[in-house]
Amino acid sequence: MNYLNQAYSLSISYHQITVYTGSETPPVIDWTDEDILQGFATGDQGVSFEGINNGKASIIVTLNSDEPQVSVDRAITVPFTLTSDQVYITSVMAHVLSFSIPKGNYQLTCYTSQQPDQEVYYVNFQTV
């Protein structure tokens, strides 16, 4: 179990980060041409966000937080329902990060910030 508001390393591959609920096994999310243009794709109990680059990145998960106090290159917000008290974040062939977030309906925002040494992804769950 990981803690909110702390940075965790994740190896991004196939230019995507998947946020999901339910089981620890990530859902299969197929990207359409429209999904690629909008920067995200949704699937059963999950959403994949387009990663800027493949490679090492930092992930910071927050609950009901304001926009990060860093320069943000992109922000994508989608509705998200947590069916369990666990949310998982991973990339293709990467380890799974797990966080405790209460069940419920959220606006999920993925903020992307390119830093000199790596990208930082701020994933905020805003209660609706």
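Scanning region 40-59 for residues that are assigned to a loop (DSSP other than H, G, I, E, B) and surrounded by 15 or more Cβ atoms within 10 Å (Cβ to Cβ) yields a count of 3. Among the residues of region 15-23, is there at least one that is farther than 17 Å from residue 109 by Cα, surrounded by 15 or more Cβ atoms within 10 Å (Cβ to Cβ) and modelled with pLDDT under 95? Yes, the conditions are met somewhere in region 15-23.
I'd like to know if region 27-38 contains one or more residues that are within 23 Å of residue 100 (Cα to Cα), surrounded by 14 or more Cβ atoms within 10 Å (Cβ to Cβ) and in contact (Cβ under 8 Å) with a residue 60 or more places away in the chain. For region 27-38, residues within 23 Å of residue 100 (Cα to Cα), surrounded by 14 or more Cβ atoms within 10 Å (Cβ to Cβ) and in contact (Cβ under 8 Å) with a residue 60 or more places away in the chain: absent.
The set of residues from region 71-106 being in a strand (DSSP E or B) and under 21 Å from residue 37 (Cβ atoms) comprises 74, 75, 76, 77, 78, 79, 80.
Does residue 62 fit the bill of being within 17 Å of residue 17 (Cβ to Cβ), β-branched (Val, Ile, Thr) and either assigned to a strand (DSSP E or B) or touching a residue at least 60 places away in the same chain (Cβ under 8 Å) (or both)? Yes, satisfied. Against the criterion of being of a type outside the set (Val, Ile, Thr) and over 26 Å from residue 128 (Cα atoms), residue 44 does not qualify.
The values are calculated or read from the model by the stated rules, or taken from the named source; none is laboratory data. Remember, predicted model here, so these are calculated numbers, not experimental data. Every residue, glycine as well, gets a Cβ built from its backbone with ideal geometry; the counts of neighbours run over all protein chains shown.
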